[in-house]
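A quick write-up on the structure given underneath.
The values are calculated or read from the model by the stated rules, or taken from the named source; none is laboratory data. All figures in this text were calculated on a predicted structure; none of them were measured in a lab. Backbone-built Cβ (ideal geometry, glycine too); neighbour counts: all protein chains shown. SASA here: full protein model, heavy atoms, side chains in, ligands and nucleic acids out. Shrake-Rupley method; radii C 1.70, N 1.55, O 1.52, S 1.80 Å.
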Amino acid sequence: MKLFSRKLRYAAIRIPLIYCVFAVLWIMASDQTLALLLPEAASITHFQTLKGLLFILLTAALLYHLIHRQQLLASRYNSLTVHANDSILLFDHQGKLVDANDRALRMYGYTRDQMQHIHARQLLPDAASDWRSCFLAEAQHNGIIFESEHKHADGSTFSVEVSACLLKIGGSDYIQAIVRDITERLRVVEKLRESEQLLAHMSAIAHIGGWEFDVETGIGSWTREVAHIHGVEFKDNISAEFGLGFYEAESREKIEAAIQQAIDHGKPYDLELELVTARGIRKWVRTVCTPHIIDGRVLKLQGSFQDISDRKVAEDKMRLATLVFENSSEAIMVVDAESQILSVNPAFTEMTGYTAQEVVGKTPKILASGKQDRKFYEEMWHLLDSNGKWQGEVWNRRKNGESYAEWLTIDTIYNEHGEVIRRVALFSDITKNKQNQEVIWRQANFDQLTGLPNRRMLHDRLNQEILKADRNHQMLAVLFLDLDRFKEVNDTYGHLMGDQLLQESAHRLLHSVRECDTVARLGGDEFVVILSGLQDKDVVQDIAQSILKKFDTPFQLDNDLTHVSVSIGITIYPEDGNAGEVLFKNADQAMYVAKNNGRNRYSYFTASMQAHAQNRMRLSNDLHLALPGQQFELYYQPIVELATGQVHKAEALLRWQHPTRGMIPPDNFIPLAEETGLIVDIGNWVFYEAARQVKRLQSLHHASFQISINKSPVQFHNETHGHEAWISFLLMNDLPRQSIVVEITEGLLMHTDESISAQLLGFRDAGVQVALDDFGTGYSSLSYLKKFDIDYLKIDRIFVRNLSRNSSDMALCEAIVMMAHKLDIKVIAEGIETEEQRELLQQIGCDFGQGYLFSPPLPAPAFEAYLRP
Ligand SMILES: Nc1nc2c(ncn2[C@@H]2O[C@@H]3COP(=O)(O)O[C@H]4[C@@H](O)[C@H](n5cnc6c(=O)[nH]c(N)nc65)O[C@@H]4COP(=O)(O)O[C@H]3[C@H]2O)c(=O)[nH]1
């Protein structure tokens, strides 16, 4: 362009100059030459004309040559601007458009005529204020290239690249701007940038990047993602050593060997390795390498690099899941949404007998046992459909036809649209457990000997029956039964026969009641019958009578026939009580009434019994306050040496001075104290009080005075080391061990266990004497008397009461005394009320006597007065 413009610029000077030079040379040279060649003037004139014509011819040819050359130049210049792909615009120094090529007209959308009147400002967006800077910075003489925004004739804008420079033409300044529409280019650049961004984004998502290593220079590079995977800042160049530094020995060895193979033999590699990032995190990566070979030489290594830690974790999980599936002891079955079996594990085969081949493609119905009804499965599917889970017990059938119980857990797997794709069923064989549970349940709820419901089951049944009775507005009856004289049978015939009797009794009871009734065994010889759904109370009496009748028939025990009757206590719900416990108590009380009324009968619970029960309850509450309220007092009854009449012994007898009811005898509250356990504290109080009193009597009356105290079996059971405390107390208070005699009952000796034996022997070893109370009423064995070194036998007052010469009681008492003396045991007779009784007892050698004949039990001061001579 510069070349052309310069040629055009100088053409106007050069052509006239050439013409002038030629014309001057012609005039001077042609006239001289003509003068030399033509001496005659006439011929010169003729030749002058010819010379002038030749001059015109030559100058015309010269002019043609020069103008033609100039036209050629101008057309070449024109074609350059007209056909240029870029818009070429020429502005004068005021910004008025001077010239523009066709491309500019097309690009801006103006006609040539419109273009002639255009100012540079009109080609710029409205916001552009400085037209000059948008086409050219004034200071730039050598041209400048920049990007800008221009405006079409229709007002729309487009992006342009402007190459502009200042021109001086004919002494004036012009601005030439070559403008290129770069809208498309910018679009492509933007697209490229977007796709690069997308690639980087995808790289980051897939944790994949690329790397390159120049074998010649030993310098490598990696993408941002690869740097990110290594936990380092991105930089352009990295060394091989830097890249390898992230691997531990084993992995590093592998990758170095692979790289060496790739460099030496052009062998590609694909490795999965573990690296430790710059932040100390372990990652699994996959690096793939393709050597770049030119002329047989490996110049570069290129490859991809991916973080596959997530995949590895997933693979590990999958491996673990497979292991669990294969080795689980629970059977696993996977079905699709249509309940077709997809896979089963070995435990499934072991449990059901079906192999995978036999069940895959079939539905779980193949296992159905028919033991669950339609409703069961409907409920199961309802739950599965609503929350995807179900758990429960199912009876299924093995391939060999055997039914088995399984504990089944079903879980549902959904796809991303929430549609069911799989269901996984886990189950374990619980047949054995169920059988064991059944056994345990039976043991817990049924009496082993008779197979009847036990106490626990009875309570459940009674509560259920009460609810049922309430619902149906009916009544029910509770019958408390106790076999009469069962103990005697047991002792006489032995436990085996006793058991047989109980079994037969259960059998008879079951046959005396209706199907809907309950017969239960409470333990020992006690049974309870619940008669439910009663509209009419008379039926109770009928059934009670029917039971009594059933027991009329003697029991066959071995070769003997024996009669055992039954006493029945009856209570009615809701008349007599509204809770199970109350009904049991009522029936129990009524049964005692039946017993007391002569056995082999039934008795209804009555209001007076209820009053008695309530009285007992109140008494029991008051008893708790008696000890802290100092309401107890010890009375003392002298024990007289029959041969001499001397009194060196006494029995301490407890009295309860109730604040409102007055004096309450021990028979009324000792059983209550035993039931509530209060007897332990009360018994200790008796001991300390008696000990205090005996010390006093020893100093006041006789040095070897002795006081007996009663010790209840409950005390022995509840306070296994109580005797030690008593013995220490005697020691600490300088009381001889014989100061206190412990009176025990025959019942205690009959049911001794290790602890009771230890306590009794403990008393014996310490020198505390023991007396056996109420002797003759129980079943004491002589061997016990010897074993526990009993010191005194107390003959019960029922034998003393009817004592007369030659009476059977006389013989019995005599026998007791003789036997006791043989065992070196002294005998005390209780309840001596008459002189005759005293005399007879003395005659048979009875050692001591106690009774109203000598004195009733007295308060301590009165007793002290009694002792005074
Ligand atoms: N009919 C009649 N009765 C006579 C005669 N002489 C004495 N008695 C009574 O016979 C009972 C003798 O006491 P027990 O057999 O040990 O029988 C005692 C004993 O088993 C128990 N008991 C009394 N005090 C205590 C105690 O501190 N602890 C324990 N665990 N039981 C006690 O209460 C039972 C009754 O005691 P008590 O009512 O004091 O009744 C006393 C006494 O008052 C008599 O000639 N004729």
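Checking the table LYS695/LYS794; LYS649/LYS822; LYS695/LYS826; LYS312/LYS365; LYS312/LYS362; LYS362/LYS389 against a 31 Å threshold on Cα-Cα, which pairs fail?
Violating the 31 Å limit, Cα to Cα: LYS312/LYS365; LYS312/LYS362.
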(request) Give the carbon-plus-sulfur fraction of the accessible surface of segment 328-435 in %, rounded to a whole number; probe 1.4 Å, heavy atoms of protein chains only. (result) 52
(message) So if each residue of separation counts as 0.36 nm, and I subtract the Cα-Cα distance between VAL189 and ARG112, what length gain in nm does that give?
(response) 24.4 nm
(message) Going Cα to Cα from LYS191, which aspartates and glutamates come in below 19 Å? Please leave out same-chain ones fewer than 8 positions away.
(response) GLU147, GLU161, ASP181
(request) Starting from the Cα of LYS434, draw a straight line to each of the aspartates and glutamates and keep only those under 18 Å, dropping any in the same chain fewer than 8 residues away. (result) GLU330, GLU393, GLU402, GLU406
(request) Please give the per residue accessible area of segment 230-306, computed with a probe of 1.4 Å over protein heavy atoms only, in Å². (result) 59
(request) First measure r as the distance between the Cβ atoms of LYS375 and GLN435, then evaluate 1/(1 + (r/R0)^6) with R0 = 30 Å and state the FRET efficiency to the nearest 0.05. (result) 0.70
(message) Calculate the FRET efficiency for ARG69 and VAL98 from the Cβ-Cβ distance with a Förster distance of 25 Å, rounded to the nearest 0.05.
(response) 0.45
(request) Could you please state how large a percent of the accessible area of segment 448-605 is carbon and sulfur, counting protein chains only and using a 1.4 Å probe? (result) 45
(request) For segment 188-312, just say rounded, prolate or oblate: build the C-alpha gyration tensor, square-root its eigenvalues into a ≥ b ≥ c, call rounded for a/c under 1.5, and beyond that prolate if a/b exceeds b/c, oblate if not. (result) oblate
(request) Please work out how much length the chain gains when fully extended from LEU167 to ASP295, using 0.36 nm per residue of separation minus the C-alpha to C-alpha distance, in nm with one decimal. (result) 40.7 nm
(message) Under the rule a/c < 1.5 gives rounded, and otherwise a/b versus b/c splits prolate from oblate, where does segment 708-858 land using the Cα gyration tensor?
(response) prolate
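In Å², what does the accessible area per residue of segment 448-605 work out to with a 1.4 Å probe?
48
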(request) Any lysines with Cα under 23 Å of the LYS550 Cα? List them, leaving off those in the same chain fewer than 8 positions away. (result) LYS487, LYS537, LYS595
(message) Can you compute the helix-only [θ] at 222 nm over the chain? Use -39500 (n - 2.57) per DSSP H run of at least 4 residues, normalise by all residues, nearest 500 deg cm²/dmol.
(response) -15000 deg cm²/dmol
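When only C-alpha pairs under 8 Å and at least 6 residues apart count, what is the relative contact order of segment 89-179, in percent?
Values: 163 pairs, mean separation 26.5, N = 91.
Computed value for segment 89-179: 29 percent relative contact order.
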(request) Calculate, for segment 328-435, the solvent-accessible area per residue in square angstrom, rolling a 1.4 angstrom probe over the heavy atoms of the protein chains. (result) 57
(request) State whether the chain is rounded, prolate or oblate according to the following rule on the C-alpha gyration tensor (a ≥ b ≥ c being the square roots of its eigenvalues): a/c under 1.5 gives rounded; otherwise a/b larger than b/c gives prolate, and the remaining case gives oblate. (result) prolate
(request) Give me the distance in nm between label points sitting 7 Å out from Cα along the Cα-to-Cβ direction at VAL21 and ALA444, one decimal. (result) 13.4
(message) Quick check: at a probe of 1.4 Å, how many percent of the accessible area of segment 748-864 sits on carbon and sulfur atoms?
(response) 51
(request) Please give, to one decimal in nm, the separation of the simple spin-label points placed at ALA35 and HIS382, each 7 Å out from Cα toward the Cβ. (result) 14.4
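Can you figure out the FRET efficiency of TYR852 with GLU754, using R₀ = 41 Å and their beta-carbon distance, to the nearest 0.05?
0.55
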(request) Figure the gain on full extension for TYR414 and ASN718 (residue separation times 0.36 nm, minus the Cα-Cα span) and round it to one decimal in nm. (result) 103.0 nm
(request) Express the relative contact order of segment 188-312 as a whole percentage, based on alpha carbon pairs under 8 Å and six or more residues apart in sequence. (result) 26
(request) For the chain, calculate the relative contact order in percent as a whole number, restricting contacts to Cα pairs under 8 Å that are 6 or more residues apart. (result) 4
(message) How far apart, in nanometres, would the label points at LEU823 and GLN261 be if each is projected 7 angstrom from Cα along the Cα-to-Cβ direction?
(response) 10.1
(message) I'd like the antiparallel share, as a percent to the nearest 5, of DSSP beta bridges with both residues in the chain.
(response) 85
(request) Taking all protein chains together and a probe of 1.4 Å, list TYR635, TYR592, TYR866 from the most accessible to the least accessible. (result) TYR592, TYR866, TYR635
